[in-house]
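What follows is a single structure, written as structure tokens, with notes after it.
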Amino acid sequence: MNIILIGPPGAGKGTQAKRMIDRLGVPQVSTGDMFRAAVKEGTPMGIKAKECMDKGALVPDDVVIGVVAERFEKPDCKKGFILDGFPRTLEQAKALDGLLEKMESSLDHVVVIEVPDDYLVERLTGRRTCKGCGYMHHIAFDPPKTDGVCDKCGGELYQRDDDQETTIRQRLKTYHDQTSPLIDYYSKKSIVRMIDGTGSMEDVQGAVKDAIGA
Ligand code: AMP
């Protein structure tokens, strides 16, 4: 099963992907997570990526495509994958077509999680991510028992640089300008499933299950 999750930042792609991996037995491939790991390690690629991420801009296509191509070579991708945050441009979508062709594989579903911009700004500015386990609390919707401390692992909570309001507005603009045209691109292949992402995590999970039939 090869699935792409498309949606604006904060639409819940990562959350839904994590809920799908066990059910479908395929890995989540999140370019955002891979870049954050590279930033943490301080690799040359991470340093370059951080500059783009902090501005709400996209990391250059050639860098992203290289990272994904390398990831696909790992054995766990043989059974399929859930792409979370990739592709984000037409150039990346075309490169993905090429990679899939080489793997003699194809896409099964493109799940688009739709959420209005204002709703997302509220969701994202309230997000606090755990430095230890990556769990995301929300100061209004899922507050930690103790301020600044993760309920799951006791790690320190912080606000991602790219979750500041001005950056979020820029990330949304980037999404509308560069990523949403992909919906049209994949509509031609009749594999697009549109989902309302404004409900609870459980509602959205149910809608995703219905849409992909698994
Ligand atoms: P995410 O966690 O998916 O929202 O990604 C965080 C940031 O990483 C984005 O705002 C981009 O700067 C960068 N990024 C992640 N995936 C991609 C991609 N496919 N193409 C370009 N930049 C990306």
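The values are calculated or read from the model by the stated rules, or taken from the named source; none is laboratory data. All values reported here derive from a predicted model rather than from experimental measurement. Neighbour counts run over all protein chains shown; Cβ positions are idealised from the backbone, glycine included. Just so you know, the surface numbers come from the protein's heavy atoms only, side chains and all, with ligands and any DNA or RNA stripped out. Shrake-Rupley method; radii C 1.70, N 1.55, O 1.52, S 1.80 Å.
Across segment 1-117, Cα-Cα distances exceeding 26 Å account for 16% of all pairs. For segment 143-214 versus segment 38-114, the spacing of their alpha-carbon centroids is 16 Å. Over all Cα atoms in segment 64-118, the spread is summed up by Rg and Dmax: 12.4, 41 Å. With respect to the chain, whose longest principal axis is taken over its alpha-carbon atoms, helix 44-55 is tilted by about 70°. DSSP assigns beta bridges within the chain; of those with both partners inside it, close to 30 percent run antiparallel. Taking the C-alpha atoms only, the angle from helix 13-24 to the longest principal axis of the chain is near 60 degrees.
About its Cα centre, segment 84-214 has a charge dipole of approximately 220 debye under the convention of +1 per Lys or Arg Cβ and -1 per Asp or Glu Cβ, with nothing else charged.
Once you wrap a convex hull around the alpha carbon atoms of segment 64-214, what is its projected area averaged over all directions, in nm²?
Working: hull surface 41.4 nm².
Approximately 10.4 nm², given one-decimal rounding.
Give me the 1.4 Å probe accessible area per residue for segment 1-147, excluding ligands and nucleic acids, in Å².
Accessible area per residue, segment 1-147: 49 Å².
Out of segment 1-81, which chymotrypsin sites (Phe, Trp or Tyr not before Pro) are coil in DSSP terms and have no more than 16 other C-beta atoms within 10 Å?
none
Quick one: with all protein chains in place, what share of the accessible area of the chain is carbon or sulfur, to the nearest percent (1.4 Å probe)?
Numbers: 5530 of 10830 Å².
Using a 1.4 Å probe with all protein chains present, the chain comes out at 51 percent carbon and sulfur.
Qualifying trypsin sites (Lys or Arg not before Pro) in segment 166-214, where qualification requires a DSSP coil assignment and no more than 10 other C-beta atoms within 10 Å, comprise Lys188. Between the amide H of Val149 and those of Leu157, distances stay under 5 Å, these residues lying 5 or more places away or on another chain, with hydrogens modeled in the peptide plane.
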